[in-house]
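Structure first, then comments.
Rule-based calculations on the coordinates, nothing more; no lab input. From a predicted model like this one, the values you see are computed outputs, not experimental measurements. Cβ sites come from the backbone with ideal geometry, for glycine too, and all protein chains shown count toward neighbours.
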Amino acid sequence: MIKTCMDNVREKAPLVHNITNYVTVNDVANVLLACGGSPIMSDEPDDVEDITSICVGLNINIGTLNKRSIESMFLAGKKSKALGHVLLLDPVGAGASKLRTETAVKILDELKPDVIRGNISEIKTLALGSGTTRGVDADVADAVTESTLDNAVAFAKNFAAKTDSIIAITGAIDLVADAENCYVIRNGRAEMGRITGTGCQLSGMMTAFLAANPENKLAAAAAAVCAMGLAGEIGWSHMAEGDGNSTYRNRIIDAIFNMDGETLKRGAKYEVR
Amino acid sequence: MIKTCMDNVREKAPLVHNITNYVTVNDVANVLLACGGSPIMSDEPDDVEDITSICVGLNINIGTLNKRSIESMFLAGKKSKALGHVLLLDPVGAGASKLRTETAVKILDELKPDVIRGNISEIKTLALGSGTTRGVDADVADAVTESTLDNAVAFAKNFAAKTDSIIAITGAIDLVADAENCYVIRNGRAEMGRITGTGCQLSGMMTAFLAANPENKLAAAAAAVCAMGLAGEIGWSHMAEGDGNSTYRNRIIDAIFNMDGETLKRGAKYEVR
Amino acid sequence: MIKTCMDNVREKAPLVHNITNYVTVNDVANVLLACGGSPIMSDEPDDVEDITSICVGLNINIGTLNKRSIESMFLAGKKSKALGHVLLLDPVGAGASKLRTETAVKILDELKPDVIRGNISEIKTLALGSGTTRGVDADVADAVTESTLDNAVAFAKNFAAKTDSIIAITGAIDLVADAENCYVIRNGRAEMGRITGTGCQLSGMMTAFLAANPENKLAAAAAAVCAMGLAGEIGWSHMAEGDGNSTYRNRIIDAIFNMDGETLKRGAKYEVR
């Protein structure tokens, strides 16, 4: 299934509309191309409905939201839903500001994304109305570890049931849950946190994976998480003396570029609970 | 001539004002520095006239246009024309949305760019009022191939005559035409399409080439296309195992950085029809 | 002291709010992560006060300013000052347009930054109300050289005394001055000017250095300049045949990633006048 999910992206080349932050947007575009998808960016209210209409998925990331882009998120989101496209929400910094929290909650309520992908602080903010977000990185107290895993899996499933969305919580251990099943994924490396945008990249790529696998959205979301984590492992294995986070950024996207479904299947480390 | 065009960029170091999309803007800046030019970015209506006044060329790219930047495109464009600067239009996604098509057509009509650089879908949209743009990448049915070449050359010359602009259509085979002559260029590699922004980079660099060669704009535009394509070939020759599109992006800009006029002259593959 | 300044950044991991240009923002984020800090970006008036409140420093860069982001600069700046955070101004292009000059002067007057970092043209514009800014790069006539050094040091100290800010002027020789002392720094390489954004990166990193060393702001600012220059030297030493400015960009950030306080101490080349 994981293998098929990736093969389908390469075969179908889904065109993904991204309303995303300007910090990591170039990496999001390149990772979408690397995995076999195709990116387009547009955040002007007068433009987004046309653009999203020619796509098959919409990736909404609130990392550098502003009043104009928020308006565009809702216009594009409604059009995208009306057309039956895949919709992903990446609630960057939810909990860190009133505007981010309220925007993310409103998107959740009004647009009902197929999948919400964030770190544990952001997801807890949406689920519990609290959370202790420290900027865009997850608060340590919230980390999903082996000792908190049972609770975290239950939390993810409950929130998935409540929202009818797939909930993807990424961190040291990644969780991808619907109401019934939760993929617990142990790919990736801690050093990925030393690069800006691996989360944003994953959100873009995950949108492509879901769009190419509409009948298997949960597995597709999990496959995207495995692919990103595995790319982090493969990329790290190519690091040479003197290399740092900037080279690592390139190596991760390169690893996605060179990854096929078979490689992903062999390298994916997950269990379903 | 091709050699001289590149040497002149390195000698004159043209300062280019870019109103461009936020997806590939960093690469546009770095490729301008790589080829010997100098970039400046500004898209605020209150700022663009001053900024364009200290430059020698203006690169307008509508890849992530919005109401504010559109206003800036016209303010900067009119000032730039009044000062006799070079003006390039990159109609990213023309045909993909009403706003993009209308904005590109209006720029064409009101600002009369020295050169229009796009893929065949975008250029056909401007020329024929139709086209079948698939996002920001060219539709396959529109591709310039050996079998469609005669028609494509005639189309490019006709559109150049109609607009009094140089028409640069990039793809597997690149065309750079005025009303009388068309450079048919066979540099480049298909893998360049797996990186975001090689087209945007070319537009930035082409603006610098024209600004440094005001007496030979057609040859300068063709030289920029050859340089980008040759950089794609040289960059690819430096790819090692495990490298992918992210590393390739760096390698292409690096190849421009290291290219001199003599190397370009030897590597350029073109005929004039 | 230089060593301690860097060690403190890695130990305290300061969260820095950046209102910066979209050209180099990704590199600013990655260099902040490389040096041990943590970046967050926000430029929406309704968002910036909340965001800056969870940070310890604010980096204001006017490289692609617009009316919205200017409003955000003042809202965030006032909040940041009220909370006792570190505030840095990078007056990109001051002197190149009326809007840039006026905005930078107004920030200087109303927000009283802890440190102003720019090239000599930009700083002279702020100090003298003139300057001859050529785009975002310093005018050659203004260059700080061995022959103009005494005057330049006096100028920097005087402007520091007048503004009660630390003045950081970067170029072939870098100066970091308060009213009493001026670090004269000879790290770095000329090739750093062939990459976009080394100045912006330095501003982001310098904000983190000051935030982590509130009792030693002058030394912290100087340490950041030494670190960036040393990274330029180390990065260059890793360049291989065929590498150019794009790879060099990665190598510089990589060098920051791998640099510890001890390495910085050994490699820093400075005198205090």
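Remarks
- For the range B:238-255, putting each phi into the Karplus relation 6.51 cos²θ - 1.76 cosθ + 1.60 with θ = phi - 60° gives couplings of 9, 6, 10, 4, x, 6, x, 5, 6, 5, 4, 3, 4, 5, 5, 5, 4, 5 Hz, in residue order, rounded to whole numbers and with x for Gly and Pro.
- Fewest neighbouring Cβ atoms within 10 Å first, the residues B:Ile252, B:Ile2 line up as B:Ile2, B:Ile252.
- Size descriptors for the range C:177-273, from the alpha-carbon set: Rg then Dmax equal 13.5, 46 Å.
- Residue (of C:Ala219, C:Asn61, C:Leu149) at the positive-pole extreme of chain C, dipole from beta-carbon charges: C:Leu149
- Contact order for chain A, expressed relative to its length and based on alpha carbon pairs under 8 Å spaced 6+ residues apart, stands at 22 percent.
- In order along the range B:23-32, the Karplus-derived 3J(HN,Hα) couplings, from 6.51 cos²θ - 1.76 cosθ + 1.60 at θ = phi - 60°, round to 6, 10, 4, 5, 5, 4, 4, 5, 6, 5 Hz, and Gly and Pro are given as x.
- Residue of chain B whose Cβ sits closest to the axis mapping B onto A, with distance in whole Å: B:Tyr22, 3
- Listed values for the range A:223-233 are Karplus-derived 3J(HN,Hα) couplings in whole Hz (6.51 cos²θ - 1.76 cosθ + 1.60, θ = phi - 60°), namely 4, 5, 5, 4, 4, 5, x, 5, 4, x, 6, and x replaces Gly and Pro.
- Counting only Cβ charges, +1 for Lys and Arg and -1 for Asp and Glu, the dipole size of the range A:2-272 around its Cα centre is about 180 debye.
- Derived value for the protein assembly as shown: Kirkwood hydrodynamic radius 26.5 Å. Basis is the mean of 1/r over every pair of different alpha-carbon atoms.
- Pair-distance profile P(r), taking every C-alpha pair of the range B:2-272, with 10 angstrom steps and integer %: 8, 34, 39, 18, 2, 0
- Using a simple spin-label model with pseudo-atoms 7 Å out from Cα toward Cβ, C:Asp260 and A:Lys98 lie 4.6 nm apart.
- Relative contact order for the range B:1-109, counting Cα pairs under 8 Å that sit 6 or more residues apart, in percent: 25 percent
- As a proxy for reagent exposure, ranking B:Leu218, C:Leu75 by other Cβ atoms within 10 Å from fewest up yields C:Leu75, B:Leu218.
- Distances between placed amide hydrogens fall under 5 Å for C:Gly63 paired with C:Asn21, C:Val92, all partners being 5 or more residues away or on another chain.
- Calculated FRET value between A:Asn151 and C:Ala82, using beta carbons and R₀ = 30 Å, to 0.05: 0.15
- Above-threshold pairs, the threshold being 19 Å between Cα atoms, out of A:Lys78/A:Lys106; A:Lys12/A:Lys269; A:Lys106/C:Lys79; A:Lys67/A:Lys124; C:Lys3/C:Lys112: A:Lys12/A:Lys269; A:Lys106/C:Lys79; A:Lys67/A:Lys124; C:Lys3/C:Lys112
- When B:Arg266, A:Arg249, C:Arg10 are sorted by how many other C-beta atoms sit within 10 angstrom of their C-beta, beginning with the fewest, the order is B:Arg266, C:Arg10, A:Arg249.
- Stretchable slack from C:Met1 to C:Leu128, in nm (0.36 nm times residue separation minus alpha-carbon distance): 42.4 nm
- Shortest-first distances to equivalent copies, position A:Asn181, nm, label 7 Å out along Cβ: 6.4, 6.4
- Relative contact order %, the range B:119-273, counting alpha carbon pairs below 8 Å whose residues are six or more apart: 19 percent
- Estimated [θ] at 222 nm from DSSP helical runs (n ≥ 4, -39500 (n - 2.57)) normalised by residues in the protein assembly as shown, nearest 500: -16500 deg cm²/dmol
- Residues whose amide H lies under 5 Å from that of A:Arg273, counting only those 5 or more places away or on a different chain, are A:Cys182, A:Tyr183, A:Val184; hydrogens are built 1.01 Å from N in the peptide plane.
- Sorted shortest first, the separations between the B:Lys67 label point and its copies elsewhere in the assembly read 1.0, 1.0 nm; each point sits 7 Å from Cα along the Cα-to-Cβ line.
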